[in-house]
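Below: one structure, written as structure tokens.
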Amino acid sequence: MTQWLVLLVLWVGVPLLMVELVMIFFEPVLFNKTFYQYDPDMGFRVRPYTLGSNQFGFNDRDYSLEKDPSAFRMLFVGDSFSWAGGQEGNYTALLENQLQNTPNLPPVEVINTGYPMTHTGEQLIVLQKYGLQYNPDLVVLGFFAGNDFIDADPYRKRIVVNDTQIDIDKRREVRFLGYPIIGRSRLVLFVQQKYQVFREMMKIEQAAHANESAPITFSEETFLQIELARMEFCHLEKQSQGYYQANIDYILNSVSQMNEILKARDIQFIVALYPDEFQVNSELQNTLFERFDLNREDYDLECFQKILIEHLEKENIPYLDLLQPFQAASQTQSLYLLRDTHWNAEGNQLAANLLYEYLLKTVDSLPSP
């Protein structure tokens, strides 16, 4: 028995240990082509010049950090909505084209600094670390109602190592030579996440063979679970019990900090509120209530906007709420990608149009044509 144990350790344990050590010490070499990389401040960032990203890992071209004094520079801070549609079809690029083609306006630049998988607290770090280097005249925070509150655990820090996303407690982060030390097997975490992706891809392929009308990002099961988790934030009993209060306070404080930082630099600040699909798509909303046997009277589906708008008005921060225009437009057209949670081409264009109209009326130093 002892001999077999020794052989098992030699044949299995030692190779696994070697793989673990290689993943720890050679991570910058083995995973230097991945979309995300570790960042000590944020936990992760998009790798520069990867899949069209610019020098800071944003879904935009490179802009000179030294601003043309005659130009008006807008900076959009946000999440994965800044990536939907690609570099040319994203709402920020469409907005820039509209502004640049408007007579009697100064030269206008619209810089997209959104990172996927981030919430307002993390976007505050992005603004301070990268965004302010552009010396903008205006900053627009794109707040996504769907998960910006839900994801905002005050102590969560999402890091990316070995092409694996890991949520850690920022109060207990340990680093060695600038890299994080993880108290779990990197190999096991890597295999688990890749297997989850593989299973989801198999479900998507099955849906494709069932003659789905358009490309999809998530299986129906996964997509509905994502939307259900977001909708649960609006459960009236959970709201009354303060179930998400720590998250809410964290986000509202981050918005206030952003406002104070920009005010001190004489930079204008606007918040744009982007609705979740279940708030806009009545068919999806009905499916959620019926599939999971929920009572509509138990939910206030506009609670995200109400919470944030109350704070914005208290702080005198201008805002644009896209919920009602998106609800109206959804009566005649689809605005979201199929089972994806992000805008399609029509959604990006509608957002650009609404922002264009609002900015021309609202922004100082940007005269109406």
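The values are calculated or read from the model by the stated rules, or taken from the named source; none is laboratory data. Only a predicted model underlies this, so the values are computations on that prediction, with no experimental measurement involved. All Cβ positions, glycine included, derive from the backbone under ideal geometry; neighbour counts span all protein chains shown.
Within segment 285-293, one or more residues are in contact with a helix residue (DSSP H, G or I) (Cβ under 7 Å, 6 or more places away or on another chain) and basic (Lys, Arg).
PRO275 falls short on exactly one of the conditions (1) surrounded by 18 or more Cβ atoms within 10 Å (Cβ to Cβ); (2) modelled with pLDDT under 95, and that condition is (2).
Close contacts from segment 244-259, counting a first residue that is within 17 Å of GLY146 (Cβ to Cβ) and a second that is part of a helix (DSSP H, G or I) and of a type in the set (Phe, Trp, Tyr), with Cβ to Cβ under 7 Å and a gap of 6+ residues or different chains, come to TYR244/PHE233.
With a requirement of 1 or more residues that are loosely packed, with under 15 Cβ neighbours inside 10 Å, the strands (runs of 3 or more DSSP E) lying completely within segment 59-177 that satisfy it span 164-169.
Screening segment 106-142 for residues that are closer than 15 Å to MET258 by Cβ and charged (D, E, K, R) and picking the one that is nearest to the chain's Cα centre (by Cα) gives GLU122.
Reported count of residues in segment 45-92, each being aliphatic (A, V, I, L, M) and without any contact (Cβ under 8 Å) to a residue 40 or more places away in the chain, is 2. Given the criteria closer than 20 Å to LEU273 by Cα, in contact (Cβ under 8 Å) with a residue 12 or more places away in the chain and not charged (D, E, K, R), does THR102 qualify? It is false that THR102 is closer than 20 Å to LEU273 by Cα, in contact (Cβ under 8 Å) with a residue 12 or more places away in the chain and not charged (D, E, K, R).
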